[in-house]
1. Out of the residues in segment 66-91 that are in contact with a Gly (Cβ under 8 Å, 6 or more places away or on another chain) and not small (Gly, Ala, Ser), which is farthest from Leu104 (Cα to Cα)?
2. Select the helices (runs of 4 or more DSSP H) contained entirely in segment 39-127, then report the ones holding at least 1 residues which are touching a Leu at 6+ places or on another chain (Cβ under 8 Å) and within 18 Å of Ala13 (Cα to Cα).
3. Taking the options Ala82, Ala113, name whichever one is loosely packed, with under 13 Cβ neighbours inside 10 Å and under 30 Å from Val37 (Cβ atoms).
4. Ala40: surrounded by 15 or more Cβ atoms within 10 Å (Cβ to Cβ), outside the structural domain of Ala118 (by TED's automatic domain parsing), free of Cβ contacts under 8 Å to residues at least 40 places away in the same chain and within 13 Å of the chain's Cα centre (by Cα), yes or no?
5. Looking at (1) among the acidic types (Asp, Glu); (2) touching a residue at least 60 places away in the same chain (Cβ under 8 Å); (3) touching a strand residue (DSSP E or B) at 6+ places or on another chain (Cβ under 9 Å), can you tell me which one Glu67 breaks?
6. Of the conditions (1) at pLDDT 95 or above; (2) touching an Asp or Glu at 6+ places or on another chain (Cβ under 9 Å), Val51 clears all except one; give me its number.
7. Here are some residues: Asp99, Asp45. Which one is modelled with pLDDT under 95 and assigned by TED's automatic domain parsing to the domain that holds Leu18?
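The values are calculated or read from the model by the stated rules, or taken from the named source; none is laboratory data. Keep in mind that this is a model prediction, so the values were computed, not measured. Cβ coordinates were reconstructed from backbone atoms using ideal geometry, including for glycine residues, and neighbour counts include every protein chain displayed.
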Amino acid sequence: MSPRSLNGELEQAILEALWSLDAAAGDGRRGASGREVHDALRERDLAYTTVMTVLDRLARKDLLVREREGRAFRYVPTQSRAELTAGLMREALDGTGDDRRQALVSFVGEASAEDLAALRQALDDLG
């Protein structure tokens, strides 16, 4: 299934929190509870129910899976940050129609030297 576009900055922030919690865990456990996500976003002053609503929405979009953990759920991203970004880029390119080549040229024309080096390396690795 292709990734579905994120609807808003809050969905992105919640996914970012989950990826950060995974990276910081160090114990091999993936995902986080709704409470852990809410705590990770405490500077945003969000209601717990708002976080839970967005987690449920992301699960319905197949961007998260819910795993039962005791009486609560653990939310695990179905894709890495890089995989989701690549999918969103593909969706954007698919929407360009006949202008696909021009969209790619424009994107590459604005890329940093580091991004261009990474693209060259990726193309070399594929070729």
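1. Taking segment 66-91 as the starting set, the residues that turn out to be in contact with a Gly (Cβ under 8 Å, 6 or more places away or on another chain) are 67, 72-77, 79.
Those left that are additionally not small (Gly, Ala, Ser): 67, 73-77, 79.
Working: Glu67: 39, Phe73: 41, Arg74: 38, Tyr75: 35, Val76: 32, Pro77: 28, Gln79: 24 Å.
By that ranking, first place goes to Phe73.
2. Numbers: elements: 48-60, 81-94, 100-109, 113-126.
Because the criterion is at least 1 residues that are touching a Leu at 6+ places or on another chain (Cβ under 8 Å) and within 18 Å of Ala13 (Cα to Cα), the helices (runs of 4 or more DSSP H) in segment 39-127 that meet it are 48-60, 81-94.
3. On the way: Ala113 fails: under 30 Å from Val37 (Cβ atoms).
One residue alone meets the criteria, Ala82.
4. Values: surrounded by 15 or more Cβ atoms within 10 Å (Cβ to Cβ): yes; outside the structural domain of Ala118 (by TED's automatic domain parsing): yes; free of Cβ contacts under 8 Å to residues at least 40 places away in the same chain: yes; within 13 Å of the chain's Cα centre (by Cα): no.
So Ala40 fails the test.
5. Of everything listed in (1) among the acidic types (Asp, Glu); (2) touching a residue at least 60 places away in the same chain (Cβ under 8 Å); (3) touching a strand residue (DSSP E or B) at 6+ places or on another chain (Cβ under 9 Å), Glu67 misses just condition (2).
6. Going through (1) at pLDDT 95 or above; (2) touching an Asp or Glu at 6+ places or on another chain (Cβ under 9 Å) one by one, Val51 breaks only (2).
7. On the way: Asp99 fails: assigned by TED's automatic domain parsing to the domain that holds Leu18.
Selected residue: Asp45, the only one of Asp99, Asp45 that is modelled with pLDDT under 95 and assigned by TED's automatic domain parsing to the domain that holds Leu18.
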